[in-house]
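Novice: Let me give you the structure first, and then I'll get to my questions.
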Amino acid sequence: MPGRFLFVGPTLPDAEKLVAGTEVRVLPPIAAQDLFRLDPAPGDVVGIVDGYFHHARSITHKEILVVIERGVRVLGAASTGALRAAELDTFGMTGIGEIYADYTTGVLEADDEVTLLHGLPEHDYRPLSEPLVNMRATLAVAERRGYCSPATRELLIGAMADRPYPARCYRAMWAVGRDLGVDEEELLQLASFVDSGAVDRKREDALLLLEALGEPDLPRQQPPRLSRTLFVHGWELESRGEVEESTSTWISDLAALRACQLLATDYPCLHRNLVLDWLAEQCRRECRLPHAGRSVADIAVEHGEHRGVYAIDSAVQEMFLDDWLSKAERELEPREQLALFLVRSFRIAPSLAWDELALDALRGTPAFARARQLAAYAAAVNAKLAKRDNSFHIDRIAEKRIVEDTARRWGVPVRQLELAALDRGFGSMENVVAAGRCVHLLAKYNPEEVRFEVCPEPARVC
């Protein structure tokens, strides 16, 4: 049976009670990478109502589009869900409710119309401010019933719109109204109406989404074709992982891989073998030429010629190799120069290293478990220092220091660090620096403890 998931918080604090006895799984307000971590299957239905955005990264459009492309139906209403649905309905997201409709028609424009300040989940997300969209709906009803004039409604709503969302509440509205000269009797009538007749548009729309989420046979949609980007690739990998047992810390597979690339002394050998093996296998499948007695490296190099990347006999004379090899390496045997070029240029798309190739090879190995443990230790060290020093953040560690330390650890001159990074499967120096910052303190004070190997047995000659 398809899964049904609901990301919700202050808009429906009683969501658990409302879905009792159904197949709907209630989740906290959505944030970046939550959909990737959830990993819904084709045919599943995800409802988005509330979402974080200030102290946590908000859910991205691309992340929603990725799961829609997989055949997941995504519904949005009331709050973050209405905003994202208004932006993505053309691409397959389904919007529900009046708030969504108002965003699509331009009646509502500002994101903060649906925003409020609220308490913690354990306190049922107790509201500490009032969403402007609810204030608009409440005063519109009050005007129709004669509790305030159109001019007063516009004046009060305009004043609330000018305030930051945490400062919006009815008590503030009455105070501002007095400051603006609204008649006291009219304010008292309006306040009396609000006490018993306040409209909660967000809740109303969220209940409509919940109703749609419970429908047994939701219509299927043709998923759009998505252009995958460097960011989407990274977000997906960052969302996969598991708890490291000795520290009880969740560590992403990508963080463990980066620890392997940075700290494992033999990682260049592993990376080279993975790339050349893959290329050689592609040649066997696609070219169907006799390869008996040929080395993996030779087959891979010849596959580059088969695909029209270069001509082996003349490639060494080509200038393009100067960008991928050091001066000393340009003196190597021609096929070795081309093998180095293949390893260093290996990508699934421009600027996008194929991390999955290494992850598939490393998952489940003792080396990968050790890398995950080191990543957890590094995270603990960083968190401990940040707790002692509020000014500390790993992003503030100087790039120059990371570059110099990494070159020293790998035993290469700084001027050749970029080539050494390519030998370890990094897509860019930016990735090296970002990963290096994460383990910098742990590696600095425990240089021997962070050294390990990824190959369980002697690798082929690299």
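The values are calculated or read from the model by the stated rules, or taken from the named source; none is laboratory data. This one's a predicted model, so the numbers in the text were calculated from it and none came from an experiment. Every residue, glycine as well, gets a Cβ built from its backbone with ideal geometry; the counts of neighbours run over all protein chains shown.
Novice: Among the residues of the stretch 150-170, how many are of a type outside the set (Ser, Thr, Tyr), crowded, with 17+ Cβ neighbours inside 10 Å, free of Cβ contacts under 8 Å to residues at least 40 places away in the same chain and in contact with an Asp or Glu (Cβ under 9 Å, 6 or more places away or on another chain)?
Specialist: So the count comes out to 3.
Novice: Kindly indicate the residue of the stretch 228-259 that is closer than 23 Å to ILE68 by Cβ and of a type in the set (S, T, N, Q) and also surrounded by the most Cβ atoms within 10 Å (Cβ to Cβ) among those meeting that condition.
Specialist: Filtering first and then ranking leaves SER239.
Novice: So how many residues does the stretch 51-110 have that are farther than 28 Å from MET1 by Cα, of a type in the set (Asp, Glu) and without any contact (Cβ under 8 Å) to a residue 60 or more places away in the chain?
Specialist: Matching residues across the stretch 51-110 total 3.
Novice: In this structure, does ASP395 turn out to be crowded, with 17+ Cβ neighbours inside 10 Å and over 24 Å from GLU329 (Cα atoms)?
Specialist: Here the answer is no, as ASP395 does not meet what is asked.
Novice: Looking for something of a type in the set (Phe, Trp, Tyr) and not assigned by the TED database to the domain that holds ARG370 - is there at least one such residue anywhere in the stretch 187-205?
Specialist: Checking the stretch 187-205: at least one residue is of a type in the set (Phe, Trp, Tyr) and not assigned by the TED database to the domain that holds ARG370.
Novice: Sort through VAL66, VAL74, VAL49 and tell me the only one that's surrounded by 22 or more Cβ atoms within 10 Å (Cβ to Cβ), closer than 18 Å to TRP235 by Cβ and either among the aliphatic types (A, V, I, L, M) or in contact with a Ser or Thr (Cβ under 7 Å, 6 or more places away or on another chain) (or both).
Specialist: Exactly one residue qualifies, and that residue is VAL74.
Novice: When you look at ASP389, is it over 23 Å from CYS455 (Cα atoms), buried (at least 17 other Cβ atoms within 10 Å of the Cβ) and more than 26 Å from the chain's Cα centre (by Cα), yes or no?
Specialist: Numbers: over 23 Å from CYS455 (Cα atoms): yes; buried (at least 17 other Cβ atoms within 10 Å of the Cβ): no; more than 26 Å from the chain's Cα centre (by Cα): yes.
For ASP389, the condition - over 23 Å from CYS455 (Cα atoms), buried (at least 17 other Cβ atoms within 10 Å of the Cβ) and more than 26 Å from the chain's Cα centre (by Cα) - is not met.
Novice: Being under 20 Å from the mean Cα position of the chain (by Cα) and exposed (fewer than 15 other Cβ atoms within 10 Å of the Cβ), is that true of even one residue in the stretch 14-34?
Specialist: Taking the stretch 14-34 and keeping what is under 20 Å from the mean Cα position of the chain (by Cα), we get 27-34.
Now narrow it down to the ones that are exposed (fewer than 15 other Cβ atoms within 10 Å of the Cβ): 28.
Yes, that holds for at least one residue.
Novice: Do you know which of the residues in the stretch 47-92 that are closer than 21 Å to ARG201 by Cα and in a loop (DSSP other than H, G, I, E, B) is modelled with the lowest pLDDT?
Specialist: PHE53
Novice: With ASP50, ASP34 as the choices, which residue is among the charged types (D, E, K, R), under 21 Å from ALA212 (Cα atoms) and not assigned by the TED database to the domain that holds GLU238? Spell out how you get there, then give the answer.
Specialist: Values: ASP34 fails: under 21 Å from ALA212 (Cα atoms).
So the residue among ASP50, ASP34 that is among the charged types (D, E, K, R), under 21 Å from ALA212 (Cα atoms) and not assigned by the TED database to the domain that holds GLU238 is ASP50.
Novice: Moving to a separate point now. Looking at this structure, is GLU143 over 35 Å from the mean Cα position of the chain (by Cα), part of a helix (DSSP H, G or I) and surrounded by fewer than 16 Cβ atoms within 10 Å (Cβ to Cβ)? Don't jump to the end; show me each part of the working.
Specialist: Numbers: over 35 Å from the mean Cα position of the chain (by Cα): yes; part of a helix (DSSP H, G or I): yes; surrounded by fewer than 16 Cβ atoms within 10 Å (Cβ to Cβ): no.
No: the conditions fail for GLU143.
Novice: Pull up the stretch 191-225, narrow it to residues that are surrounded by fewer than 16 Cβ atoms within 10 Å (Cβ to Cβ) and within 25 Å of the chain's Cα centre (by Cα), then point me to the one that is modelled with the highest pLDDT.
Specialist: By that ranking, first place goes to ARG225.
Novice: Closer than 26 Å to GLY9 by Cα, touching a residue at least 60 places away in the same chain (Cβ under 8 Å) and crowded, with 19+ Cβ neighbours inside 10 Å: is that true of PRO121 in this structure?
Specialist: Details: closer than 26 Å to GLY9 by Cα: yes; touching a residue at least 60 places away in the same chain (Cβ under 8 Å): yes; crowded, with 19+ Cβ neighbours inside 10 Å: no.
Considered against the rule, which asks whether it is closer than 26 Å to GLY9 by Cα, touching a residue at least 60 places away in the same chain (Cβ under 8 Å) and crowded, with 19+ Cβ neighbours inside 10 Å, PRO121 comes out as no.
Novice: Something else now. Under 7 Å by Cβ, and 6 or more places apart or on different chains, what pairs join a residue from the stretch 413-432 that is at negative phi with one that is outside any helix (DSSP H, G or I) and of a type outside the set (Gly, Ala, Ser)?
Specialist: ALA420/VAL412; GLY427/LEU352; VAL432/PHE426
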